Amino acid sequence: MPLKKQEIAKFKQRLEELKRQMTELVRGVSEEVKSADDSKGYSQHQADEGTDDFNRTISLEVTSKEYGILRQIDRALEKIEENTYGICDITGEEISIPRLDAIPYATMTVKAQEKFEKGLL
């Protein structure tokens, strides 16, 4: 059963809020990584420098993951505008409401997502 306009409006609001939160998070981590380079000095211990490099690497990985989620959120918002939200990009089947409740930016059914992650699609 296709989603009702009221349900889609609720998901759109959640997606827009998620996008705002993710954008702030990515911006904060990006600023943190940039400012870490500025504060490096010659008096810092090598072990501290190694820890800083490790933390910067972790921050960059987190940022990369968040960018991926931001792209998925943007795609879900596009689907709302195209009137295809809740329909799997791969199979054309409806995405279950419990899945959308858990992951409002899901653009694939669970089965399609599993095949995609295994490289079968």
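The values are calculated or read from the model by the stated rules, or taken from the named source; none is laboratory data. No experiment lies behind these values; they were computed from the predicted model shown. Note: accessible area is taken over every heavy atom of the protein model, side chains too, but ligands, DNA and RNA are not part of it. Shrake-Rupley method; radii C 1.70, N 1.55, O 1.52, S 1.80 Å.
Counting only residues 5 or more places away or on other chains, whose amide H sits under 5 Å from the amide H of ILE87 once H atoms are built in the peptide plane?
Correct list: ILE95.
How would THR91, THR109 rank on accessible area, largest to smallest, probe 1.4 Å?
Sorted descending by solvent-accessible area, the residues read THR91, THR109.
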